[in-house]
Number of protein chains: 2
Amino acid sequence: MTKNTHEFDLYQKLLDKYKDIVILNNIYSHIYWDLDTYMPEKGTEQRSEEFAMMSGLLHERITDSEVGSLLDQIKEHEKYQKLPAAEKRNIHLIKKEYDRETKVPKELVKAIAKQSAIGNEIWKKAKKESNYELFKPELIKIFDLIKKRAQYINPDLDPYDVLLDLGEPGITREKLDELFSELRDGLIPLIKAIRDSPNKPDYSLIQRDCPKDIQEKISQDAALAAKYDLTSGRIDETVHPFTTGFYDDVRITTNYTLDDFSSSFFAVLHEAGHALYEQNMLKEYKYQPVGFYCSDGFHESQSRFIENVIGRSKEFWEYYLPKLKEITGDIFADVDLEPFVLAINRVIPSKIRVEADPVTYSMHIIVRHEIEKDLFAGNISFDDLPKIWNEKMKEYLGVTIENDAEGLLQDVHWSGGGFGTFPGYAIGNIIDGQLLWKIEQDIPKWRDQVRKGNLSDVVDWLIKNVHQKGNLYDPLDLIKEITGEELSTKYYLDYLHRTFSKIYGLKES
Amino acid sequence: MTKNTHEFDLYQKLLDKYKDIVILNNIYSHIYWDLDTYMPEKGTEQRSEEFAMMSGLLHERITDSEVGSLLDQIKEHEKYQKLPAAEKRNIHLIKKEYDRETKVPKELVKAIAKQSAIGNEIWKKAKKESNYELFKPELIKIFDLIKKRAQYINPDLDPYDVLLDLGEPGITREKLDELFSELRDGLIPLIKAIRDSPNKPDYSLIQRDCPKDIQEKISQDAALAAKYDLTSGRIDETVHPFTTGFYDDVRITTNYTLDDFSSSFFAVLHEAGHALYEQNMLKEYKYQPVGFYCSDGFHESQSRFIENVIGRSKEFWEYYLPKLKEITGDIFADVDLEPFVLAINRVIPSKIRVEADPVTYSMHIIVRHEIEKDLFAGNISFDDLPKIWNEKMKEYLGVTIENDAEGLLQDVHWSGGGFGTFPGYAIGNIIDGQLLWKIEQDIPKWRDQVRKGNLSDVVDWLIKNVHQKGNLYDPLDLIKEITGEELSTKYYLDYLHRTFSKIYGLKES
């Protein structure tokens, strides 16, 4: 058990209260993990009672008036000014959460939880039937509730900006418009050039029967190669891969496709990237706000760095293809490096976001951002949503949406009120480009190391520069702290152009 | 979610408060299960914080002064007298727990939790080194704390009686003395007769290499044969088998011995027996005190009935031996029914309780009962404990204890303050005899049914007569309600004599 030691006793009391919230959150994450892995079929109703109980306890603790009173006393105390930055940051983060959550009426919190559950059920049905009209009334209900919540949190700000700040503190609509417009302008010509390239990926090099027990071995091996610590983690199977937990108990999950080992392989690298972030936080920040991740975008940058920047690189496969062959026997015996790397870097504009390749992925996010922004600004109506969705998909990705199931009903997020959460995925990409730019300066030989299967230096760099900074800074400040530069799309676009030009034999643009 | 519907609103409020306690307990059981099954190696420290949090929350809720006030108001209300018996029982059970837990100072609860953890660590070391002197001071500390707790609960009663009442409400030292003396007098000649029998079990019929994957198949199959519902349960592997959960999520665990399938086989039947009890409680009692088991002894009666009365019977193996052969290929191909049944009913007085056979098992409990009773009465000192233990083991079981690791250090229970909990194991046996006596009247053909693999009638009988009675009665009342007779050892002794006389070719005594 962690000892209470801070000489400023009000601050220590505040941290103790916060620690309870963290522990409750951890318990919550265990029963959530269990739901998705090992819970018996009939356990749903009991589990929903347990979730309601945990949510209630968490809300009570977060909005505990004693926290408010401690915060007031601390700010007025003479010792406050002398606290080190990390401790001031803890106070700031607790205050931010307290202020936010106490502004939202408990009834609204409950109404959102209830409507989420209903919306989720109806969404499943609507997706199955490809019936947007069925989903529309529920979508409007949850949208109105989430909008109301945002207005309670900050009535002076556009609700979409309030929502963005939850996942990506400090990032506004305007900033996103700017970043995404650069991204779009940079991606469109690249996608076109790749489409016109004579190098055509041969996916039959990947799409081969690979039994589950072998894929499980590959998963373990890949996770270990990425420095995921299995003594404080584990890999299980779920429908949708995810990562949960913190510090000494961080679990990842994957899903096996029997005729495509790469589906689970990259899922495991992706989740291992998330897990590394959580496993490598500074021990002295444990149970404190600064002992958490910086933002959704930063979390996503870590998963995508391992999955894409490293995991899809030619250098990694110089090392790993022989290992893959060793583990899989004769399945990939005839496969050569270059065509294999081309195949795992196949670029095909897809209708479905989660199936998208690294190049076209951000375009899905841009579509979503533009629509959400307009919804909150009241510029578009829910009646026109399918039409607008399909037009934008055509315009940005060149795909023709045939029905709403493969269109705006594809994702679960909206049904649960997850508006404003998508941009983090694209911000993660942008951050990765900038981190990579810095890594190439700090560890010039990192690619040679990866070629030899040595990921230690690059992972240690991420640990030191990202993971161990925890939540000491808001994301725009953290990227500047790490790289010395403002967040910019140029590094990411540059990385994509360099990488894919090489793989697809393009003239570098 | 369960609706609040009772027209007596104070009663409904009380049930709502109790429901929260049940849900917290369920959450607790999930993280406990996880600790023993899938928790990563390094997760211990975090988990201990989570346990401390859950214990604190549970203690808060159980001793919530609003519960006390509701109880007072209800008892004084005119509607109270008109409540049906089950609802009055709910109030009684909540009051009993509330009164008990509010009497124990929070500091003492914490001291016990702390000393348990320390005692457990030292016990592990002491057992390894077979060093009682190392364990003795910790044993004295936890003993004193538990004694103190008992005195807070009821200063007018002998502490051992207070402890017995926790697991087996209504059963006193005197009652146990009487039951156990009958048991002992009945068992000693039977054990002697079996020892002198010319029928010698050939354990090589059982002790054969049986791979884990095959044993896993047997486990699933055996659990299903015993009517365990795998859609509201699951089987996992742990060091020590256990059952956890209630209603729609009741999990069992087992442990595989690679050269003895019967170890896991009977563990699974045993735990499935416990699980049946939990899975088959009446739905309308869910989240209420009456929706829980009657007593430790009754819980054990259900596990032992499935494991021993059914699972070791010749009739069961008439049905199951061909199935076992089918699942295991050629491992048991040469085995015949009679010698096989003799082998799984091998009777050998053992030094270790958990390895004991059904006949000698109760003798271990009698030894423990006599020692605990004398400890709380102050009749023996902790210095003499090993000597007394070893003498009693020699006297009652004829075994010579060579060192304390196989003597009084064998069980974990005392290190955590588990005094007064052992008698339930023997009471379970006694109850089984009496239930069996009634079943033989109610379903005369049940053994013929088992022969054909049909366990439905006998399990349905247990569901209707035991499981669905939940905690409507204290154990001595429940056995009378079910069988019309006071609890008596004669039925159990009669069952043992009949069964083992047949197996060992003895003249029935």
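With respect to the numbered conditions (1) in a loop (DSSP other than H, G, I, E, B); (2) touching a Ser or Thr at 6+ places or on another chain (Cβ under 6 Å), which one is the sole condition not fulfilled by A:E402?
(2)
Would the stretch B:300-312 turn up any residue that is crowded, with 21+ Cβ neighbours inside 10 Å, over 21 Å from B:P201 (Cα atoms) and of a type in the set (D, E)?
Yes, some residue in the stretch B:300-312 is crowded, with 21+ Cβ neighbours inside 10 Å, over 21 Å from B:P201 (Cα atoms) and of a type in the set (D, E).
Name the residues in the stretch A:110-150 that are of a type in the set (S, T, Y), at pLDDT 95 or above and in a helix (DSSP H, G or I), would you?
A:Y132
Of everything in the stretch A:425-463, what is farther than 20 Å from A:A225 by Cβ and surrounded by fewer than 16 Cβ atoms within 10 Å (Cβ to Cβ)? Give them in sequence order.
Taking the stretch A:425-463 first, the residues farther than 20 Å from A:A225 by Cβ are A:425-431, A:433-434, A:437-438, A:440-442, A:444.
Of everything in the stretch A:425-463, those that are farther than 20 Å from A:A225 by Cβ and surrounded by fewer than 16 Cβ atoms within 10 Å (Cβ to Cβ) turn out to be A:E440, A:Q441, A:D442, A:P444.
Results for (1) more than 14 Å from chain A (Cβ to nearest Cβ); (2) at pLDDT below 95; (3) under 29 Å from B:F500 (Cα atoms); (4) surrounded by fewer than 22 Cβ atoms within 10 Å (Cβ to Cβ), shown as yes or no for each residue.
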site: B:D161; (1), (2), (3), (4): yes, no, no, yes
site: B:L164; (1), (2), (3), (4): yes, no, no, no
site: B:L176; (1), (2), (3), (4): yes, no, yes, no
site: B:A223; (1), (2), (3), (4): no, no, yes, no
site: B:D229; (1), (2), (3), (4): no, no, no, yes
site: B:G233; (1), (2), (3), (4): no, no, no, no
site: B:H240; (1), (2), (3), (4): yes, yes, yes, yes
site: B:G245; (1), (2), (3), (4): no, no, no, no
site: B:V250; (1), (2), (3), (4): no, no, no, no
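Residues A:R353, A:R346, A:R312: which one is at pLDDT 95 or above, among the basic types (K, R) and within 21 Å of the chain's Cα centre (by Cα)? Steps first, please.
Working: A:R353 fails: at pLDDT 95 or above; A:R346 fails: within 21 Å of the chain's Cα centre (by Cα).
The conditions single out A:R312.
Do we find a residue being part of a helix (DSSP H, G or I) and without any contact (Cβ under 8 Å) to a residue 12 or more places away in the chain anywhere in the stretch B:163-172? I'd like the intermediate steps shown before the answer.
Pass one, the stretch B:163-172, residues part of a helix (DSSP H, G or I): B:163-167.
If we keep only those that are without any contact (Cβ under 8 Å) to a residue 12 or more places away in the chain too, we end up with B:165.
For the stretch B:163-172, residues part of a helix (DSSP H, G or I) and without any contact (Cβ under 8 Å) to a residue 12 or more places away in the chain: present.
The conditions are (1) within 19 Å of A:C210 (Cβ to Cβ); (2) out of contact with any strand residue (DSSP E or B) (no Cβ under 6 Å at 6 or more places or on another chain), and A:P241 fails exactly one of them. Which is it?
Of everything listed in (1) within 19 Å of A:C210 (Cβ to Cβ); (2) out of contact with any strand residue (DSSP E or B) (no Cβ under 6 Å at 6 or more places or on another chain), A:P241 misses just condition (2).
From the residues in the stretch B:206-227 that are in contact (Cβ under 8 Å) with a residue 24 or more places away in the chain, assigned to a helix (DSSP H, G or I) and not aliphatic (A, V, I, L, M), which one is farthest from B:S303 (Cα to Cα)?
Per the criteria, the residue is B:K212.
Applying the selection to the stretch A:1-30, what residues are at pLDDT below 95 and under 25 Å from B:M39 (Cα atoms)?
A:M1, A:T2, A:K3
What do you reckon, is A:Y287 aromatic (F, W, Y), in contact with a Ser or Thr (Cβ under 8 Å, 6 or more places away or on another chain) and surrounded by fewer than 24 Cβ atoms within 10 Å (Cβ to Cβ)?
yes
Is one or more of the residues making up the stretch B:264-279 of a type in the set (S, T, Y), out of contact with any Leu (no Cβ under 8 Å at 6 or more places or on another chain) and without any contact (Cβ under 8 Å) to a residue 40 or more places away in the chain?
Checking the stretch B:264-279: not a single residue is of a type in the set (S, T, Y), out of contact with any Leu (no Cβ under 8 Å at 6 or more places or on another chain) and without any contact (Cβ under 8 Å) to a residue 40 or more places away in the chain.
Which numbered condition in (1) surrounded by fewer than 19 Cβ atoms within 10 Å (Cβ to Cβ); (2) among the basic types (K, R); (3) touching a residue at least 12 places away in the same chain (Cβ under 8 Å) is the only one that B:R47 fails?
(1)
Take A:P241 and tell me if it is outside any helix (DSSP H, G or I), without any contact (Cβ under 8 Å) to a residue 40 or more places away in the chain and within 19 Å of the chain's Cα centre (by Cα).
yes
Taking the stretch B:50-79, which residues are free of Cβ contacts under 8 Å to residues at least 12 places away in the same chain and surrounded by fewer than 19 Cβ atoms within 10 Å (Cβ to Cβ)? Can you show your working first?
So the first thing to find is which residues in the stretch B:50-79 are free of Cβ contacts under 8 Å to residues at least 12 places away in the same chain, and the list is B:53, B:56, B:60, B:65, B:69, B:72, B:76, B:78.
Hits for the stretch B:50-79 are B:G56, B:E60, B:S65, B:S69, B:D72, B:E76, B:E78.
Considering only residues that are of a type outside the set (A, V, I, L, M, F, W, C) and in a loop (DSSP other than H, G, I, E, B), which ones fall in the stretch A:352-382?
If the condition is that a residue be of a type outside the set (A, V, I, L, M, F, W, C) and in a loop (DSSP other than H, G, I, E, B), then A:D357, A:P358, A:T360, A:G378, A:N379, A:S381 are the ones that fit.
Just the residues that are touching a Leu at 6+ places or on another chain (Cβ under 7 Å) and exposed (fewer than 12 other Cβ atoms within 10 Å of the Cβ), please, taken from the stretch B:178-211.
B:D209
Considering only residues that are in a loop (DSSP other than H, G, I, E, B) and aliphatic (A, V, I, L, M), which ones fall in the stretch B:254-280?
Scanning the stretch B:254-280 gives a single hit, B:L258.
The values are calculated or read from the model by the stated rules, or taken from the named source; none is laboratory data. Here the structure is a predicted model, which is why all the values come from computation and not from measurement. Here the Cβ is made from the backbone with ideal geometry for all residues, glycine too, and neighbour counts use every protein chain on show.
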